[in-house]
Protein chains: 2
Amino acid sequence: MTSPELTKISAGPTACCPLPLPHLSQIVLGHGSGGRMTQALIEATFYPELGNPLLLQRDDSAVIEMADGSRLALTTDAHIVSPLFFPGGDIGRLAVCGTVNDLAMVGAQPRWLTASFILEEGLPRQDLARIVGSMRAAADEAGVLLVAGDTKVAERGKCDGLFITTSGLGLIPADRQVNGGRAQPGDIVIVSGTLGDHGVAVLAARGDLAFESDLASDVAPLNDLVEAMFAAGAGIRVLRDPTRGGLTGSLHDICQQSGVGIEINESQLPIDPSVAAACEMLGFDPLYIANEGKLVAIVEPSEAPAILAAMQAHAYGKQARVIGSVTDVNGGRLVLRTSIGSRRALEPMSGEMLPRIC
Amino acid sequence: MTSPELTKISAGPTACCPLPLPHLSQIVLGHGSGGRMTQALIEATFYPELGNPLLLQRDDSAVIEMADGSRLALTTDAHIVSPLFFPGGDIGRLAVCGTVNDLAMVGAQPRWLTASFILEEGLPRQDLARIVGSMRAAADEAGVLLVAGDTKVAERGKCDGLFITTSGLGLIPADRQVNGGRAQPGDIVIVSGTLGDHGVAVLAARGDLAFESDLASDVAPLNDLVEAMFAAGAGIRVLRDPTRGGLTGSLHDICQQSGVGIEINESQLPIDPSVAAACEMLGFDPLYIANEGKLVAIVEPSEAPAILAAMQAHAYGKQARVIGSVTDVNGGRLVLRTSIGSRRALEPMSGEMLPRIC
């Protein structure tokens, strides 16, 4: 704790000293949250067996350096969103965009995708056709090709409609150096648009909102936005798409990877009034809710104005805003400066707030 | 029909003129069989939307040509085998080997894998740990790195223990040209070992055999065997691992892709006596049962002896045998010459014989 002001306000155990996670002998929903429980599972079960320098990069995609010095990005994501269709998208669009975005977040130009389908016996063929059509539209928009696939069928009750795992391969231009470990004190934090839209739209589709809403998921491929950003300025140090765990999860990861603090200003956070209202009613915090068409960028201060302008000129960055900066104080913590001027540490989620959102 | 002998014996509709598949409005287990129903689903639903020259290669991996002329192989497979553990392996070993083998079957040297886990709430952590350990052992054996992963959790009853989707990336040496379209009349058909072991071992693990059995799955990474084969002779035209759909499915695909016929000799097919006994009792045909550690190779006749010898000198090819040859007759059909000398057309499966085998 380097900041006395912070020490004073973060008295509660969840704010300043997260409670230790219980040891569980079984998988629970919280292990899929993208928060602390997921991280604990990965560190206890996956890294000890499978850890290697590429896996341990801990970015949205693995970056593979080839013998000739060129770099490939490779990533994978399972998609189990429920329901399959929601305002603004469906599991097919989500599967393509999620993988495209994970590639773009390491500076790669996404090129080739694979898709594995696990179908539940009884799934209407027309639902599958609609989802595949949606994948095609998203792939066309992102300029990627689906080059390999697989289809399995599980008996009724052993799956839930369908699950899609997409993997993606992209090429990283030689001049780009983007990863979670490059944030430096003084860097500017930019978010590309409103926060929490996807998670709240999926909740609405489940009928979990007690009121009518015109909310739609933001699910979109962000690779073209990223290209526009690099065209405007090379000083992009970190990119992250705040999916599971929301903005808080992404910024917290960056603090850990770069060994820096980040301070964001509540009053600058772009949040749609309908999302804010839904969250207030349901007791959710939009800073922890998944987005599927937003990115957070950590950029050099001198380049921030040009990069921000390029984002605002793009269809998927119209509401881009500077929301904070990287600091060398706060003891490597993520801190929110509230609209009334106080400061509060933001910890990543422990367990699951919204299961099956992506 | 160019062969009157064949015409005469293939009088039944299933042998000579497969019945048309019914139009189904829902997904059924047969759509996951790897046989005709899977192919029909892919052709009706996936190819019209997503078809592109890379996807339409129809080999075990997509082959991607880079700007500098080098070639990458990319593949994906979902694994939903039930039970998770079976004699000779488990879903983790299966997931790694399946992807390694799909890369090796286009002549690639497998290098990097990704794994997406969908876990069911309630899965014992120790089962997961055992499966991850098994993946690591298989990856070490194959010499591949797992470089990216994802973990999702579905509510109890919305998944079945766990599903694993693995994707893989490999490099194809410049001098290798291996794909399903290269078989030529006169080429020799070699299989690397006994047929049907995996499928029958999984059945045994389900308790579906009425007798005690020491059968074990053959699940194994075949990339080192493939390297030994290429070291022995460059005349390898087609490689395929006969998983879902069994040997019949793989050879039928090759007939279609190359526009040739293939004739195999029943008396030369290596089948373990326990597998043969189990199949006879249960009414299965080992030529249609999935293997997970076997390959079929179509090779130039002059190179066949050296390649066969190299296979037999390898731990995973000890029982390799020549089982037949490629022909320009039979009207592009796969034909079995039975041990009593008659000839019978082998059609791919229509629906599902053994669900959840891989």
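Here is how the numbers come out for the structure above:
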quantity	calculated
Flag if residue B:171 is hydrophobic (A, V, I, L, M, F, W, C), more than 20 Å from the chain's Cα centre (by Cα), open to solvent by less than 10 Å² (accessible area, probe 1.4 Å) and within 12 Å of chain A (Cβ to nearest Cβ)	no
Filter result for residue B:71 (surrounded by fewer than 21 Cβ atoms within 10 Å (Cβ to Cβ) and in contact with a Ser or Thr (Cβ under 7 Å, 6 or more places away or on another chain))	no
Number of the condition not met by residue A:226 [criteria: (1) assigned by TED's automatic domain parsing to the domain that holds residue A:337; (2) within 17 Å of the chain's Cα centre (by Cα); (3) part of a loop (DSSP other than H, G, I, E, B); (4) of a type outside the set (Phe, Trp, Tyr)]	(3)
Criterion: more than 10 Å from every other protein chain (Cβ to nearest Cβ), open to solvent by 20 Å² or more (accessible area, probe 1.4 Å) and at negative phi - qualifying residue of B:109, B:126	B:109
Residue within the range A:334-341 that is open to solvent by 50 Å² or more (accessible area, probe 1.4 Å) and modelled with pLDDT under 95 present	yes
First in the range A:34-63 and more than 7 Å from chain B (Cβ to nearest Cβ) and open to solvent by 40 Å² or more (accessible area, probe 1.4 Å), second anywhere and part of a helix (DSSP H, G or I) and among the small types (Gly, Ala, Ser), Cβ under 7 Å, 6 or more apart	none
Residue that is most open to solvent (accessible area, probe 1.4 Å), among those in the range B:276-318 that are under 21 Å from the mean Cα position of the chain (by Cα) and of a type in the set (Asp, Glu)	B:285
Residue within the range B:213-232 that is surrounded by fewer than 19 Cβ atoms within 10 Å (Cβ to Cβ) and polar (S, T, N, Q) present	yes
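The values are calculated or read from the model by the stated rules, or taken from the named source; none is laboratory data. Model, not experiment: these values are computed from the prediction. For neighbour counting, all protein chains shown are included, and Cβ atoms are generated from backbone atoms with ideal geometry for every residue, glycine included. Remember, those area values only see protein heavy atoms, side chains included, never the ligands or the DNA or RNA. Shrake-Rupley method; radii C 1.70, N 1.55, O 1.52, S 1.80 Å.
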